[in-house]
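Contents: one structure, followed by commentary.
Where a number appears in this text, it was derived from the coordinates with a stated rule and is not lab data. Since we're looking at a predicted model, the values are computed, not measured. With ideal geometry, Cβ positions are generated from the backbone for all residues, glycine too; neighbour counts draw on all protein chains shown.
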There are 2 protein chains.
Amino acid sequence: MTSVAVVGATGAVGAEILVVLEQRAFPVGDLRLLASARSAGGRLEALGAEHEIREATAAAFEGVDLALFSAGSDIARALAPEARKAGALVVDNSSAFRADPQCPLVVPEVNGDALQAHQGIVANPNCSTILLAMLLEPIRKAAGLRRVIVSTYQAVSGAGARAVEELRSQEAADAAGTEPTASVFPRVLSHNVIPWVQDFQEDGYTPEETKVRDEARRILDLPDLLVSATCVRVPVWRAHSQAVHVETERPLDPEDARRVLGEAEGVRVWDKNDFPTPREVAGTDEVHVGRIRADRAFPGGLALWGVMDQLRKGAALNAVQIAERILGVAGKAGRRT
Amino acid sequence: MTSVAVVGATGAVGAEILVVLEQRAFPVGDLRLLASARSAGGRLEALGAEHEIREATAAAFEGVDLALFSAGSDIARALAPEARKAGALVVDNSSAFRADPQCPLVVPEVNGDALQAHQGIVANPNCSTILLAMLLEPIRKAAGLRRVIVSTYQAVSGAGARAVEELRSQEAADAAGTEPTASVFPRVLSHNVIPWVQDFQEDGYTPEETKVRDEARRILDLPDLLVSATCVRVPVWRAHSQAVHVETERPLDPEDARRVLGEAEGVRVWDKNDFPTPREVAGTDEVHVGRIRADRAFPGGLALWGVMDQLRKGAALNAVQIAERILGVAGKAGRRT
């Protein structure tokens, strides 16, 4: 049995990690739910028992075998080295270690072998990157990759509980005919789309768009891959979507692309004239792909439409899969109900 | 004064045409509101007076100078030639004549000169195409165009009144915690995105995606332009958005792109670290553009974000502008209130 700490247990990803651990029958021995001092002392039901929430401090990792972090970059930077010193394997969901060459950045189905070189801390990629990398890897193996253009349709739950609450109250205002207000996002999200995820950089891109490029390059081990992204928040509760246009090194027929994607672990290909949407994908483990067609701007290339529950495969599930691989645990496929 | 017939006066675009005619102080003399036999006999307030709705028949165009059609392709094919025989100038909002070499396909700010060759029937482009063509033309003039990848975020009102009603009742069901149902779209649109506008073609593209390519080629007079589109419906009431990635013939700096777009008639450029969204664009006449940045996949090319009220510039306003140009009427800029 494994002694497990979940850091950020009160957040959306933390809650999903607890669900995934239970559904996959992860051999959890002692379970420690860690959070900020503000949440400490509260109680949380998880894996069939009630647990006290403890403050995440260096001392809290004593005796822990596996620490699953989903508490942001600052806490990861402060506490992940402490957890590691205490002997725990750390899987961190923040961006703190994603560019650190000592920390593998891994989607198990894509570059699981990179885990062999881990030194105690493994970085879980950005959710949009996980979706994109899962779609690109089978295409890369079959035909190589030259250029990728991706536009995202990202669910509000990716921005946290306050964002979800804000959308809910904006929708109530809209329904009542009053003017909704925004504070989490720079615009009202209800009945709107916002081409801004998090911030702006000097070059006009958002950090999310840069993560998608930089992390995809690292996971696919293609440091020069051309990746241009537009990341957009949409009023969807759960599951991110992407319109992906790919220039390949060698021509790849849409039928062959359907085949290689269908053979890829963790990918579900939808029927030719059908497509996945966030509502039906929410709660599932797979990356779903449809609308696979010959790209009209990249001769021999492909256009496709991918959807993934960004809290499961995009965060919690991927983190638990990483732990399973390293600890030699066989995971059981689940589904959120 | 001009005797004007509005065909499809009871639809969303027809209603917007009446608003635009009034706001631009179009010199309307006799006004004939035409619709299906089902609507005939009803009454409609327009341009400060009440009008009887008459059935759209060949005889209804007698004495009409200008017939603005927004009643679908079948009615346009049946009645536009009749209106023309009766001496009317026809501007048709359907796809019936968009590929007909005898009928100019025009966005006045882009290829207004093509109107000189008209033979009585002018085609108004698809709304997504108008937005894209308005964004591309200034770039084409400055640097040439080689390849365009566009992903759309299309408002529900583009699919008609039944679609708007469907979304409204789905949202009510979601708010009440019951399961919404869909009939206009193949999926529930509430809290969802649907990568399907209208239908599927043999090659896996939707007709909307094909229109965007074919009509953009014709309007820009670039018959070989590579255009790949993914068209997606989003739960937004009004105004279409597009993430556009452009490979140019010659390098174009983002600052120069901002300048040429800012100088283009009918385009409003947003500040560097700002962006338009559908909620604030709804009701305006301009094509709004923000997030202009150097494209990371097309060196020397551009990424941008465009938003346009698809019922105004995307339909009604563009049609009235075409009529103004041909009839030599000076239009007055308006705004829906």
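Please report, for B:Pro186, the nm distances (one decimal) from its label point, 7 Å out from Cα along the beta-carbon direction, to the equivalent points in the remaining copies, shortest first.
Label-point separations across copies, in nm and ascending: 3.6.
Where a ≥ b ≥ c are the square roots of the eigenvalues of the C-alpha gyration tensor, would you call the range B:155-293 rounded, which needs a/c under 1.5, or, failing that, prolate if a/b is larger than b/c, or oblate? Walk me through the numbers on the way to the answer.
Details: a/c = 2.61, a/b = 1.54, b/c = 1.70.
Verdict is oblate for the range B:155-293.
Between B:Thr57 and the same site in the other copies, what are the distances in nm, shortest first, taking label points 7 Å from Cα along the C-beta direction?
8.9
Per residue of the range B:112-124, in order, report the coupling 6.51 cos²θ - 1.76 cosθ + 1.60 (Karplus, θ = phi - 60°) as ³J(HN,Hα) in whole Hz, putting x for Gly and Pro.
Couplings: x, 4, 5, 5, 4, 8, 5, 10, x, 10, 10, 9, 8 Hz.
Rounded, prolate or oblate: which one fits the protein assembly as shown, using the alpha carbon gyration tensor with axes a ≥ b ≥ c (rounded when a/c is under 1.5, else prolate when a/b beats b/c, else oblate)?
On the way: a/c = 2.40, a/b = 1.95, b/c = 1.23.
Since a/c reaches 1.5 and a/b is larger than b/c, the shape of the protein assembly as shown is classed as prolate.
Shortest first and in nm with one decimal, please list how far the B:Ala175 label point sits from its counterparts in the other copies (point 7 Å along Cα→Cβ).
Relative to the other copies, B:Ala175 has label-point distances of 0.4 nm.
Excluding same-chain residues fewer than 8 positions from B:Lys141, which aspartates and glutamates have a Cα within less than 17 Å of its Cα?
Candidates past the 8-residue exclusion: B:Glu109, B:Asp113, B:Asp221, B:Asp224, B:Glu247, B:Glu249, B:Asp253, B:Glu255, B:Asp256, B:Glu263, B:Glu265.
Dipole of the range B:182-337, Cα-centred, from +1 at each Lys and Arg C-beta and -1 at each Asp and Glu C-beta, to the nearest 20 debye?
Working: 22 positive and 24 negative charges, 134 e Å.
The dipole of the range B:182-337 has a size of about 640 debye.
Gaussian network model of chain B, Cα springs within a sub-10 Å range: biggest mean-square fluctuation belongs to which of B:Ala86, B:Ala175, B:Ala59?
Checking each option, the largest mean-square fluctuation is seen for B:Ala175.
How much length is gained on full extension from B:Asp74 to B:Asp221, taking 0.36 nm per residue of separation minus their Cα-Cα distance?
Numbers: separation 147, 0.36 × 147 = 52.92 nm, distance 2.70 nm.
Working it through step by step, the gained length comes to 50.2 nm.
Which lysines does B:Lys313 reach when only Cα atoms under 16 Å apart count, and residues fewer than 8 places away in its own chain are ignored?
B:Lys332
Is the shape of chain A best called rounded, prolate or oblate, per the rule: a/c under 1.5 gives rounded, else a/b larger than b/c gives prolate, else oblate, with a ≥ b ≥ c the square roots of the Cα gyration tensor eigenvalues? Each step should come with its number before you reach the end.
Values: a/c = 1.71, a/b = 1.25, b/c = 1.37.
In terms of gyration-tensor shape, oblate.
B:Ala99 versus B:Glu249, label points 7 Å from Cα toward the beta carbon: distance in nm?
Inter-label distance under the simple model: 2.7 nm.
When chain B is turned about an axis onto chain A, which of its residues keeps its C-beta closest to that axis, and how many Å is it?
Nearest to the symmetry axis by Cβ: B:Ser151, 2.
Please report, in debye to the nearest 20, how large the charge dipole of chain B is about its Cα centre when each Lys and Arg carries +1 at its beta carbon and each Asp and Glu carries -1 there. Kindly include the intermediate steps, with their values, before the conclusion.
Values: 37 positive and 45 negative charges, 66 e Å.
Charge dipole, chain B, about its Cα centre: 320 debye, nearest 20.
Can you tell me which of A:Pro254, A:Pro278, A:Pro186 moves the most in a GNM of chain A? Springs connect C-alpha atoms under 10 Å apart.
Greatest mean-square fluctuation among the candidates belongs to A:Pro186.
Can you give me the long-range amide H partners of A:Arg32? Hydrogens built in the peptide plane at 1.01 Å from N, cutoff under 5 Å, separation of 5 or more residues or another chain.
For A:Arg32, the qualifying residues are A:Val4, A:Ala5, A:Val6.
With point charges of +1 on the Cβ of Lys and Arg and -1 on the Cβ of Asp and Glu, referenced to the Cα centre of the protein assembly as shown, which listed residue (B:Val188, A:Asn192, A:Asn273) lies farthest in the positive direction of the dipole?
About the Cα centre, the residue reaching furthest to the positive side is A:Asn273.
Please get the size of the charge dipole for the range B:223-281, origin at its Cα centre, with Cβ charges of +1 on Lys and Arg and -1 on Asp and Glu, quoted in debye to the nearest 20. The partial results should precede the final answer.
Details: 8 positive and 11 negative charges, 86 e Å.
Taking the Cα centre of the range B:223-281 as origin, the dipole is about 420 debye.
Using a Gaussian network model of chain B whose springs link C-alpha atoms within less than 10 Å, name the residue from B:Arg312, B:Arg140, B:Arg187 with the highest mean-square fluctuation.
B:Arg187
How large is ³J(HN,Hα) for each residue in the range A:130-146, as worked out from phi by the Karplus curve 6.51 cos²θ - 1.76 cosθ + 1.60 (θ = phi - 60°), to whole Hz, x for Gly and Pro?
Whole-Hz 3J(HN,Hα) from phi for the range A:130-146: 4, 4, 5, 5, 5, 6, 7, 4, x, 6, 4, 4, 7, 9, x, 10, 10.
Rounding to the nearest 10 and keeping the result within 0 to 90°, find how far the Cα-based axis of helix B:207-220 lies from the longest principal axis of chain B.
So the inclination is approximately 80 degrees.
For labels at A:Asn273 and A:Ala117 in the simple 7 Å Cα→Cβ model, what's the distance in nm?
4.8
At a Cα cut-off below 21 Å, give the lysines reachable from B:Lys272, other chains included and same-chain residues fewer than 8 away excluded.
Partners within reach: A:Lys211.
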